[in-house]
1. Consider segment 175-206. How many of its residues are charged (D, E, K, R), more than 13 Å from ligand 1 (Cβ to nearest atom) and under 19 Å from V90 (Cα atoms)?
2. Considering each residue of segment 44-85, count those that are aliphatic (A, V, I, L, M), open to solvent by less than 30 Å² (accessible area, probe 1.4 Å) and over 14 Å from the mean Cα position of the chain (by Cα), and give that number.
3. Within segment 210-266, take every residue that is within 14 Å of ligand 1 (Cβ to nearest atom) and of a type in the set (V, I, T) and give me the one that is most open to solvent (accessible area, probe 1.4 Å).
4. On the basis of being modelled with pLDDT of 95 or more and within 25 Å of L53 (Cα to Cα), does P160 make the cut?
5. Among the residues of segment 108-122, are any of a type outside the set (A, V, I, L, M) and surrounded by fewer than 15 Cβ atoms within 10 Å (Cβ to Cβ)?
6. Tell me the strands (runs of 3 or more DSSP E) entirely within segment 109-207 that contain at least 3 residues that are under 28 Å from P241 (Cα atoms) and within 16 Å of ligand 2 (Cβ to nearest atom).
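The values are calculated or read from the model by the stated rules, or taken from the named source; none is laboratory data. Since the model is a prediction, treat every value here as computed from it, not as a measurement. Please note: Cβ atoms are built from the backbone with ideal geometry, for glycine as well, and neighbour counts cover all protein chains shown. Keep in mind that these areas ignore ligands, DNA and RNA; they rest on the heavy atoms of the full protein, side chains included. Shrake-Rupley method; radii C 1.70, N 1.55, O 1.52, S 1.80 Å.
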Amino acid sequence: MNNRVFPPAAGRVPPGAIGHNRGVVRRNYAFMPPEGVLISRLPQYRDTIVRILAAPVLGAAFAQYVLEIAPGGGTPVAYAEEGVQHFFYVLSGEASFGLTGEAPKALTEGGFTYLPPATPFTLRNETAQPLRVLALRKRYDAAPGLAMPEPILSHRDAVPMTNHTGMEGRGFQFLLPYGDLRFDFEMNLMWFKPGVCFPAVETHVMEHGLYMLEGQGLYFLDQDWHEIWARDFIWMGGYCPQQFYPTGHGDACYLLYKNVNRDIAL
Ligand code: UGY
Ligand code: MN
């Protein structure tokens, strides 16, 4: 099924929908096109459709979501969670994001926030247009001697584009301070020119939540290649062999969660 017709016209089953599914769930990865991710609602968000992408039941040690917040919707009161970090990235529309004691700030597409555990926040749509936000929750893995990170509110345009690989056509934006050991995860924008794949299949202990933002390509997972487009989601468990080969005519970009900076629990 082609996600370029997603969402389908009301009341119509698009051609190719019967028995065909790009989605795959395996022991150590899941490939999830948007059309199969059904809606949920959560008590802390009003007038908000929640599409849960990654969850422990899948094998993930974190949770990831797309929030579709209708005009006037969002958190009616401040929300905080003991022991759990939150990350939000605005996919489209404009969010009003508030931290206790501060006036709410507008976050446009590409705006993001990081919240350490137990930080009360509000996330609302105060515009007349729909708002889509990618959200992530992860239990904080405290490290002895290291303080908790502070909240971050920023925009991808304020984050430098780097490339440590020396490969022409790659680009990295580390949305959280790279190498700061207080953080136990990274959220990275990975940019690729068409045809510029990574040089080898990676197999590593860290897991990933990958949300495709722009462009298209082929994703190698474990033993198989999958066609990937904007709005597709991939969960990769530890040691899932992986490689990306961007196709099409434009740049490809995905937002990648990765757990880092902590020793292996034995
Ligand atoms: O940093 C990474 O683990 C990254 N290269 N992996 C990926 O894009 N699948
Ligand atoms: Mn990787």
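1. Filtering segment 175-206 down to residues charged (D, E, K, R) leaves 180, 182, 184, 186, 193, 202.
From what's left, more than 13 Å from ligand 1 (Cβ to nearest atom): 180, 182, 184, 193.
From what's left, under 19 Å from V90 (Cα atoms): none.
Going through segment 175-206 one residue at a time, the tally reaches 0.
2. The qualifying residues number 2.
3. My answer is V260.
4. Judged against the criteria, P160 is not a match.
5. Going through segment 108-122, the residues of a type outside the set (A, V, I, L, M) turn out to be 108-114, 116-117, 119-122.
Among the residues that remain, those that are also surrounded by fewer than 15 Cβ atoms within 10 Å (Cβ to Cβ) are: 108.
Yes, some residue in segment 108-122 is of a type outside the set (A, V, I, L, M) and surrounded by fewer than 15 Cβ atoms within 10 Å (Cβ to Cβ).
6. It comes to 170-174, 185-192.
Residues are listed down the side, and each one gets a yes or a no for (1) in a loop (DSSP other than H, G, I, E, B); (2) among the small types (G, A, S); (3) more than 30 Å from A118 (Cβ to Cβ):
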| site | (1), (2), (3) |
| --- | --- |
| R22 | yes, no, yes |
| E35 | no, no, yes |
| Q44 | yes, no, no |
| D47 | no, no, no |
| G72 | no, yes, no |
